[in-house]
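I have placed the structure first, in the form of structure tokens, so that the comments after it can refer back to it.
Where a number appears in this text, it was derived from the coordinates with a stated rule and is not lab data. The model shown is predicted, which means the values in this text are computed figures rather than measured ones. Quick reminder, even Gly has a Cβ in these numbers, built from the backbone with ideal geometry, and neighbours come from all protein chains shown.
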Amino acid sequence: MKSWLNPPKHDAGPPLEPGERRAIKIEIAIVLLLTFGFSGASSILSLIEDALLAGSLSDQTVAINTSSSSLGIIDLLYQVLRILRLCAFGALGLYLLWRSGLGPRLIGLARPRARTDLLQGVGLAALIGLPGLALYLVGNALGFNLTVVPSAIDENWWRIPTLVAYAFANSAAEEILVVAYLISRLRRLGVGENSSLVASALLRGSYHLYQGLGGGIGNMLMGLVFGRFWQRTNRLWPLLIAHALIDIVAFVGYTVLRDHLAWLP
């Protein structure tokens, strides 16, 4: 356990010229403004707004996946566009890392080791998912969290496949950009492993603050675990599997069980 808490050692590469350093900082700023940094700022404003409204946060409800049209086919197309947008976030991170000399293999996307990656992914999902559910329920009871509805998409034949696709798209976008991309680029700037890990975790927590303080803190802790795992193993597949499993259980599980479990919103 101690070795996992200690920061790993990595070669940051040859010294950067001032112009190169400036270019990387600008690149990071633009990427975050276009993706999860913007979402983080929006979530902070959303949390402030919710806190200023009358009543506790738990009296308010927020839906993660929602319908955008009363017309089924139009709603499906909206959902596809959102999924493609998330996939584009991940592709952007992969492309910029590749341009910097870090191809998929070097950031942990080498050929999957099916058994090992799956077992580690399931283990990480259990490690994060079960305590995360408990933290949500406690936070909601104490008024620190909004009541989160994982899916409010209208009932359609495509609803379940769409939720599964959302889970994989969320996983790819977040783990590639927030873990592999951000930590790699900060590492190239000479930022220490612990500082890079904290920056990644804070970013992950920030864009979940729309769920309340508990949601932000829970996802920040998830970011610390996932980020350190990647730093120590340089394997991204287990993170992708774990994140997708957590979201599938949340999105699809809620849709299937909400009429059978009284404590679900």
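Among 71-78, 196-203, sorting by the average number of other beta carbon atoms lying within 10 angstrom of each residue, highest first, gives 196-203, 71-78.
Per-residue extension of 0.36 nm, minus the Cα-Cα distance of Leu34 and Leu118, leaves a gain of 27.1 nm for this segment.
Taking the Cα centre of the range 161-261 as origin and assigning +1 to Lys and Arg Cβ atoms and -1 to Asp and Glu Cβ atoms, the resulting dipole is close to 380 debye. Normalised by the number of residues in the chain, the average gap of Cα pairs under 8 Å and 6 or more apart makes the relative contact order 33 percent.
What does the charge dipole of the chain about its Cα centre add up to, to the nearest 20 debye, if the Cβ of each Lys and Arg holds +1 and the Cβ of each Asp and Glu holds -1? List each step's numbers first, then the result.
Working: 21 positive and 16 negative charges, 248 e Å.
Computed charge dipole of the chain: roughly 1200 debye.
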